[in-house]
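Reviewing the structure listed below.
The values are calculated or read from the model by the stated rules, or taken from the named source; none is laboratory data. This structure is a prediction, so every number in the text was calculated from the model and none was measured. No Cβ is skipped: glycine too gets one built from the backbone with ideal geometry, and neighbour counts run over all protein chains shown. Side chains are part of the model used for accessible areas, which takes the heavy atoms of the whole protein and leaves out ligands, DNA and RNA. Shrake-Rupley method; radii C 1.70, N 1.55, O 1.52, S 1.80 Å.
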Amino acid sequence: MLSLVLGSEITDASVAAISKCYSNLELLDLSGSSISDMGLGMICNVFPETLTRLLVALCPNITSSGIQFATAQLPLLGLIDCG
């Protein structure tokens, strides 16, 4: 589990660094961060076999297309908070 709530300094580059350090995340909370659909795509590529909860509420750079992509690419995802 990794929670970086309201980390407006968290960007797509941060997601790339997180991906290198953590390989088996089940819950990732990036609510209030500055990640974009590109960062969401990286998350999907790195954690498709482990991620069950993804929280990205209050992330202004994530679009509905990015959310749809994530739900299609993360088969174990049981909860996605994008409010």
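Just the number please: accessible area per residue for the chain, 1.4 Å probe, all protein chains included, in Å².
54
Whole-Hz Karplus values for the stretch 57-69 come out as 5, 6, 9, x, 8, 9, 9, 5, 5, x, 5, 4, 4 Hz, taken residue by residue from phi with 6.51 cos²θ - 1.76 cosθ + 1.60 and θ = phi - 60°; glycine and proline positions read x. Summing Cβ point charges (Lys, Arg +1; Asp, Glu -1) relative to the Cα centre of the chain gives a dipole of roughly 60 debye.
Taking only the C-alpha atoms of the chain, the Rg (one decimal) and the largest Cα-Cα distance, Dmax (whole number), read 10.9, 29 Å.
Rg/Rh, computed from the Cα trace of the stretch 42-83 with Rh as the Kirkwood radius, has the value 0.93. In this simple spin-label model, placing a label point 7 Å from the Cα along the Cα-to-Cβ direction at both LEU58 and ASN24 gives a separation of 3.1 nm. For VAL56, neighbours were defined as the other residues whose beta-carbon sits under 13 Å from its Cβ, and their charges (Lys and Arg +1, Asp and Glu -1) total -3.
Leaving out ligands, DNA and RNA, and with a 1.4 Å probe, what % of the accessible surface on the chain is carbon or sulfur?
Working: 2510 of 4490 Å².
Of the solvent-accessible surface of the chain, carbon and sulfur hold 56 percent.
Taking every alpha-carbon pair under 8 Å whose residues sit at least 6 apart, the stretch 10-83 reaches a relative contact order of 34 percent.
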